[in-house]
1. Rank by packing, highest mean first: peptides 33-39, 229-235, with packing defined as the count of other Cβ atoms within 10 Å averaged across residues.
2. Hey, with R₀ at 35 Å, roughly what FRET efficiency would K107 and E225 work out to, going by the Cβ-Cβ distance, to 0.05?
3. Return the subset of K26/K273; K53/K128; K107/K262; K153/K273; K135/K168; K53/K156 for which the Cα-Cα distance in this structure is over 30 Å, preserving the input order.
4. Starting from the Cα coordinates of the chain, work out the convex hull volume and express it per residue in Å³.
5. Excluding K167 itself, calculate the net charge of residues whose Cβ lies under 12 Å from the Cβ of K167, where each Lys or Arg counts +1 and each Asp or Glu counts -1.
6. Who wins for biggest fluctuation among V149, V181, V172 in a Gaussian network model of the chain, springs between alpha carbons below 10 Å?
7. So what's the convex hull volume per residue for the Cα atoms of region 224-291, in Å³?
8. Once you place label points 7 Å from the Cα toward the Cβ at I43 and K156, how far apart are they in nm?
Amino acid sequence: MSQDNNINHFNDEVDLKELANIIWAKKILIVSMTSVFAIFSIIYSLYLPDVYKSSTLLAPTSQDGSSSNLGGFAGLANMAGVSLPTGNITKGQIAVKRIESHEFFSKYFLPNINLENLMAVKEWQPEKNTILYHKNIFDSDSGKWIRNVSFPKTKKPSSQESFREYKKILSVDEDMETGLVYLSIKHESPRIAQKWVDIIIYNINECMREIDKEDAQNSIDFLSESIKTTNSQSIKLVFSRLMESQMQTLMLASSNDAYVFKTINSPIIAEEKSEPNRALICVIGTILGALFSVIVALINHFRKIAK
């Protein structure tokens, strides 16, 4: 048994020596291919534009209310068409999902930005603080979209196509224990990244405010009419308490600028890029080139032997 192990060990050494000899014999091929990959990695990394990230830390406001003070009337409230908090999901959680929605993007974000800054940026020149656009996509002189695309795409990107790009540069993470929300935007221009984060913060508060005000006002109008048409004093009492709850919601929505989120750490204009990591790209490209060239050299060698 010991003799068999020694033979296997000897064969392993022979195989390793053979592989080393093959690699050494093909060293010119391996070095050449590795150099090509390395040069390509350098060119590719230099071609990539610098991307900056602006981020903010948000804390949910304490306006999620509770229907516990209505006791057994909560069921009747739902039957009456009045929406009350259930405690299962907070306004902050709803707001996070709304930020990531196409509806929020198309109604509250897209109208407040220049579309070309989302869909056609080539690079940002820090010396002049100017943005260069891809000439085959957007003509900055005439302000017209000139890209050549086929159906269903159009020369000017649609809201759905733009939304997909928005999702790539947006990051929204919520800490489930504390409710704190980390929001960031990446862009070639650090000024635009910071501006867009501010736009999202402002508009998510306005969006949630408008929705709650509309719901509360509709509920108040409905309850006011219902009180007039019922003769039951107990039901009138319930409706009055429901109206009081909705009027409180309406008052809070009208009085507080930071309706859903208040800013803990305001977004800033980044001085240093967040990506790309050009050194890492070059290292990975060179390593992949070396591995690929070794594999090619071994395949060529064993093919010759097989023939």
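Each reported figure results from applying straightforward, stated rules to the coordinates on display, with no laboratory input. Keep in mind it's a predicted model, so treat the numbers as computed, not measured. As a convention, Cβ positions derive from the backbone with ideal geometry for all residues, glycine included, and neighbour counts pool all protein chains shown.
1. Values: 33-39: 16.9, 229-235: 9.3.
Going from most to least packed, we get 33-39, 229-235.
2. Details: r = 30 Å, r/R0 = 0.86.
Calculated value: 0.70.
3. K26/K273; K153/K273
4. Working: hull volume 91.7 nm³, N = 307.
That works out to 299 Å³ per residue.
5. On the way: positive: R164, K168, K186; negative: E100, E161, E165.
Residues near K167 contribute 0 overall.
6. V149
7. Values: hull volume 14.9 nm³, N = 68.
Given the Cα convex hull of region 224-291, per-residue volume reads 219 Å³.
8. Going by the 7 Å Cα→Cβ label model, 3.8 nm.
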